Each structure stands twice: as C-alpha cells, then as structure tokens.
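Step one of this worksheet: look at the structure below.
The values are calculated or read from the model by the stated rules, or taken from the named source; none is laboratory data. Since we're looking at a predicted model, the values are computed, not measured. Every residue, glycine as well, gets a Cβ built from its backbone with ideal geometry; the counts of neighbours run over all protein chains shown. Just so you know, the surface numbers come from the protein's heavy atoms only, side chains and all, with ligands and any DNA or RNA stripped out. Shrake-Rupley method; radii C 1.70, N 1.55, O 1.52, S 1.80 Å.
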Amino acid sequence: MNIIMLGAPGAGKGTQAAVLSEHFGIPTISTGNMIREALKNGTEMGLKAKSFMDEGKLVPDEVVIGIVKERLSEDDCKKGFILDGFPRTIPQAEALDDMGVDIQYVININISDERIINRMSGRRVCENCGRPYHIVNLKPKKEGVCDDCNGTLVQRKDDHPDTVLARLKVYHTETEPLVGYYKKQGKLVDVEGQDSVDDTTAAVLKVIEA
Ligand code: ADP
Ligand code: ZN
C-alpha cells in the first residue's frame, strides 16, 4: 500500500502517518524529518535547505525530489510506504508519477487556518527522533520527554507564529493545487481533521479500510 498524506502544515499529517505506518507495517517517509536530519548532520543538502526552512519557504523541488527518489529505492519501501510532506508542489507530484510509483490513496486532512494557527503554537517535536506531540491534544507520558526515545521535546523554529503564517500562505498557493491534481486521478480521500488525534485516526482508517 502506497499512501500520500496531504494537508496544511499542522493538520496532523505526521501523526496520522505514524499511525498508518504501524498499522500496515510500512515506513513513513517524511521529507521534513529527512531535511531536519540532514541539517543536524551538517550535510551540504541540509545547509542549503536551512534558509528556506527557517523562513517557512519550500526547499527547491530538485533537492526534495532527489532525496525522495533515493529513499524510495531502498528495500524497506518495497512493501509500501507512507509519504508525509511530499509531494508539496505540482512538479513534485509529476516527478513522483514519472518515477512510476503507484499511489493508492491520497489522504487530504482538512482543517481551517484558524485552527492550524492555534494548534501550531502548542506543537512540540522530539529533538532526537522527530516524533510530534502537542501540549494539549497529544501529550507525552512525561512532560517535555519523548515516549519513544526519551529525547527532549522542543518547539521547531518554523512553528513560531510569523513563520506559521508564511507556511500557510505557501501551502495555499503551492500545495493546495494537489487536491485537484489527485482528485482528477481518482485517488483523493477527504478527511476532516479533528481536535482529538484518535478521532482523526478513526476517520482515516475508516476510509482506507472501507
Ligand atoms: P509541516 O508539514 O508541519 O509543514 P514538514 O516537517 O513537513 O512540516 O516540513 C517542514 C519544512 O521542510 C517545510 O516548511 C519546507 O521548508 C521543508 N519541506 C519539507 N517537505 C518538503 C517538500 N516536499 N518540498 C519542499 N520543501 C519541503
Ligand atoms: Zn523521540
């Protein structure tokens, strides 16, 4: 099963991707996490991406397409995968089609801008493994500490309010056209994003297993 998670930043894509990964036993490929990892490791790609990311802009298509292509060629992707945060532009979607990748579902998590802005302020992420949390909706067992790896939970620089507005703008102009793109291909599945993560998960599983 090959699935794409679509939706605005902060819609809950990452969280739902993790649930589906576990459910189907297939990996999540998160371009955001891969770029952050590259940045942490000080690679050339990471350094190139930093300025875009910090400003809430998209990293250039050719860079992201390159890392996804490489990642999808690895063995663990053979059984299927969840793409989280890719594609984010029409050229990226076209590149994925050109790779001959067969996608079954594109899950579009709908949520209003207002709720996104509220949510992002409470979002935290594990500094070590990238797992997402929320100080109200998705608390770790122990405050400030990752359930999985004991890493420290931090607020991402690009989750600060000004950057969130820039990212939303980018989402509407560059990424939202993908809704029509995949609707035309008959792959789009709309899910209403709920405040409760479990409710969103239930809605996602319902459409996939239907
Ligand atoms: P979110 O989905 O919450 O916006 P991500 O972790 O997916 O966060 O992405 C964070 C940042 O990483 C983006 O704002 C962008 O700069 C960069 N990025 C991630 N995926 C892509 C992509 N497919 N194309 C271009 N830039 C990307
Ligand atoms: Zn962790």
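For the reader, a short list of remarks on this structure follows.
Listed here are the residues, each with its yes/no results for (1) open to solvent by less than 20 Å² (accessible area, probe 1.4 Å); (2) without any contact (Cβ under 8 Å) to a residue 40 or more places away in the chain; (3) within 11 Å of ligand 1 (Cβ to nearest atom).
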residue	(1), (2), (3)
Q104	no, no, no
N137	no, no, no
V145	no, yes, no
L178	yes, no, yes
L188	no, no, no
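- Flag for C149 being within 14 Å of ligand 1 (Cβ to nearest atom), in a loop (DSSP other than H, G, I, E, B) and open to solvent by 40 Å² or more (accessible area, probe 1.4 Å): no
- Contact map, the stretch 42-56: residues that are under 22 Å from D162 (Cα atoms) paired with residues that are assigned to a loop (DSSP other than H, G, I, E, B), Cβ distance under 7 Å, separation 6+ or inter-chain. Pairs shown: A49/V59; F52/L58; F52/V59; M53/V59.
- Residue satisfying condition, being within 16 Å of ligand 2 (Cβ to nearest atom), touching a helix residue (DSSP H, G or I) at 6+ places or on another chain (Cβ under 8 Å) and more than 22 Å from N2 (Cβ to Cβ), within set K40, K50: K40
- Of the helices (runs of 4 or more DSSP H) lying entirely inside the stretch 5-118, those containing at least 1 residues that are among the polar types (S, T, N, Q) and in contact with a strand residue (DSSP E or B) (Cβ under 7 Å, 6 or more places away or on another chain) span 13-24.
- Taken together, the residues in the stretch 28-38 that are more than 8 Å from the chain's Cα centre (by Cα) and either open to solvent by less than 50 Å² (accessible area, probe 1.4 Å) or among the polar types (S, T, N, Q) (or both) amount to 5.
- Against the list (1) surrounded by 15 or more Cβ atoms within 10 Å (Cβ to Cβ); (2) of a type in the set (D, E, K, R); (3) within 19 Å of L39 (Cβ to Cβ), the condition K157 fails is (1).
- Within the stretch 15-27, the set of residues being in contact with a Leu (Cβ under 8 Å, 6 or more places away or on another chain) and within 14 Å of ligand 2 (Cβ to nearest atom) comprises T15 only.
- Residues located in the stretch 1-49, provided they are more than 26 Å from L205 (Cα to Cα) and of a type in the set (D, E, K, R): R36, E37, K40, E44, K48
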